[in-house]
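To start, the structure itself, in structure tokens.
The values are calculated or read from the model by the stated rules, or taken from the named source; none is laboratory data. Given the structure is predicted, the values throughout are model-derived calculations rather than measurements. Using ideal geometry, Cβ is built from the backbone for each residue, glycine included, and neighbour counts are taken over all protein chains shown.
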């Protein structure tokens, strides 16, 4: 693909290694998060992401979680171990994708696209969040330390609920 125009132009791998065409999420608001199982922010982020997903998925919110081991090696497990951890410990229903890199030369193309523009080229740490509108355009980026619940108003706006 020469020059992707939106998040919906990407095909990524799910945790089982299957291709997922992100165009299946067209018309939805997306929260794309690089996640880790052994981070100090793991419990609060997964707990709050679950709350947002439970509250807004029927209105059109999808949370896309991309495990990444680039920060302090805080996601060392296999894709199966990561999914087991997230689904068992946090009962998360949102999709967990295959482990990726978000920075550097091997960064996933999706993340290269998300980081384009006004936000600089580096993801700082685990749990950076990109909010993507219904047209597949990134409209907000939040620091890893940003609590998911504090961005609820931005999600409501994109969903047309506020």
Next item on the list: Look through 127, 97 and report the one residue that is crowded, with 16+ Cβ neighbours inside 10 Å, on the phi < 0 side of the Ramachandran plot and modelled with pLDDT of 95 or more.
Entry: 97
Next item on the list: Being more than 14 Å from the chain's Cα centre (by Cα), part of a loop (DSSP other than H, G, I, E, B) and surrounded by 13 or more Cβ atoms within 10 Å (Cβ to Cβ) narrows it down to one of 134, 157, so name that one.
Entry: 134
Notebook entry, point to check: Restricting attention to the range 111-125, which residues are touching a strand residue (DSSP E or B) at 6+ places or on another chain (Cβ under 6 Å) and closer than 19 Å to residue 62 by Cα?
Noted result: 114
Next item on the list: Could you tell me which residue of the range 137-150 is surrounded by the fewest Cβ atoms within 10 Å (Cβ to Cβ), considering only residues that are part of a helix (DSSP H, G or I) and touching a residue at least 24 places away in the same chain (Cβ under 8 Å)?
Entry: 149
Next item on the list: Under 9 Å between Cβ atoms, at least 6 apart or on separate chains: pull out the pairs that start in the range 46-67 with a residue that is touching a residue at least 60 places away in the same chain (Cβ under 8 Å) and on the phi > 0 side of the Ramachandran plot and end on any residue that is outside any strand (DSSP E or B) and surrounded by 14 or more Cβ atoms within 10 Å (Cβ to Cβ).
Entry: 60/28; 60/134; 60/158; 60/159
Note to self: Give me the strands (runs of 3 or more DSSP E) completely within the range 1-107, filtered to those with at least 3 residues that are within 18 Å of residue 126 (Cβ to Cβ), ordered by residue number.
What the structure shows: 29-35, 61-67
Next item on the list: Taking the residues in the range 108-122 that are in a loop (DSSP other than H, G, I, E, B) and under 21 Å from residue 158 (Cβ atoms) as candidates, determine which candidate is modelled with the highest pLDDT.
Entry: 116
Next item on the list: For residue 80, state whether it is without any contact (Cβ under 8 Å) to a residue 24 or more places away in the chain and on the phi < 0 side of the Ramachandran plot.
Entry: no
Notebook entry, point to check: Do we find a residue being at pLDDT below 95, surrounded by fewer than 16 Cβ atoms within 10 Å (Cβ to Cβ) and within 27 Å of residue 158 (Cα to Cα) anywhere in the range 81-90?
Noted result: no
